[in-house]
1. Within the group Pro125, Pro136, Pro121, which residue is outside any strand (DSSP E or B), more than 19 Å from Met1 (Cβ to Cβ), over 16 Å from the mean Cα position of the chain (by Cα) and in contact (Cβ under 8 Å) with a residue 40 or more places away in the chain?
2. Have a look at Val155, Val139 and point out the one that is at pLDDT 90 or above, of a type in the set (A, V, I, L, M) and at negative phi.
3. Looking only at residues in segment 72-127 that are crowded, with 18+ Cβ neighbours inside 10 Å and on the phi > 0 side of the Ramachandran plot, which one is modelled with the highest pLDDT?
4. Which of the numbered conditions does Val52 fail, given that it passes all the others? Conditions: (1) surrounded by fewer than 20 Cβ atoms within 10 Å (Cβ to Cβ); (2) modelled with pLDDT of 95 or more; (3) of a type outside the set (Gly, Ala, Ser).
5. Count, please, the residues in segment 102-118 that happen to be touching a Ser or Thr at 6+ places or on another chain (Cβ under 9 Å) and either hydroxyl-bearing (Ser, Thr, Tyr) or part of a loop (DSSP other than H, G, I, E, B) (or both).
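The values are calculated or read from the model by the stated rules, or taken from the named source; none is laboratory data. Note that the structure is a prediction, hence the values are computed from the model and not measured. Methodologically, a virtual Cβ is constructed for each residue, glycine included, from the backbone with ideal geometry; neighbour enumeration extends over all protein chains shown.
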Amino acid sequence: MYARDAKKHEEVWLLDRLDEFGFEDPAFRSRDYVLAIDGETNERAGFARLRVHSGDDDSVCEFTNIGVREDWRGRGVGAHLLEYLVEDARDQGFEAAYALTDEPEYLAQFGFERVDADELPEPLPDRLDATREYQPDAVPVFLDFADFDIPERLVERFTADESDDEDTEPEESAEDFGIDPDSATYKYDPGG
């Protein structure tokens, strides 16, 4: 199992999963999403989004639309996604992130703490209202990255899964770029 940035050709898959999970994303951009991929089968096991809200004074980092497919739950997929999001956010200069979720207990095991909605920076109060339209029990949580921790039981789960497949991310193939490797021509004729 490994996590990586979503690719443009995975937009339809992502939009289908957002619909399946009942998530809304009016500002959808596939490049903001991360996917958890099974290293053996290349099956997509889960997804999450790092959303940056730029304001006049400061930018706010939000982790949103975190979803793990039913048949992959309980195997550390969510932990992989969160670890990747935290690393990515750190690389962008953030030291903390918010999430608006109806499952605060799940995120608490990684160091997230509930915060009062009145303490949310802009534009998160409006985002919370919008999120509550499809997740009525959503609450705001906050993670200081210094407090981020993956519980040992989850580390053990995906370490055991990874020991089976030594490769992490598979090498990109010609087909990933629309090239038919047998005839070395483009699969998609632009009609020109």
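1. On the way: Pro125 fails: in contact (Cβ under 8 Å) with a residue 40 or more places away in the chain; Pro136 fails: in contact (Cβ under 8 Å) with a residue 40 or more places away in the chain.
Answer to the selection: Pro121.
2. Working: Val155 fails: at pLDDT 90 or above.
One residue alone meets the criteria, Val139.
3. Ranking the candidates gives Gly111 first.
4. Going through (1) surrounded by fewer than 20 Cβ atoms within 10 Å (Cβ to Cβ); (2) modelled with pLDDT of 95 or more; (3) of a type outside the set (Gly, Ala, Ser) one by one, Val52 breaks only (2).
5. From segment 102-118, those touching a Ser or Thr at 6+ places or on another chain (Cβ under 9 Å) are 102, 107, 112; that's our starting set.
Narrowing further to those that are either hydroxyl-bearing (Ser, Thr, Tyr) or part of a loop (DSSP other than H, G, I, E, B) (or both): 102, 112.
Number of matching residues: 2.
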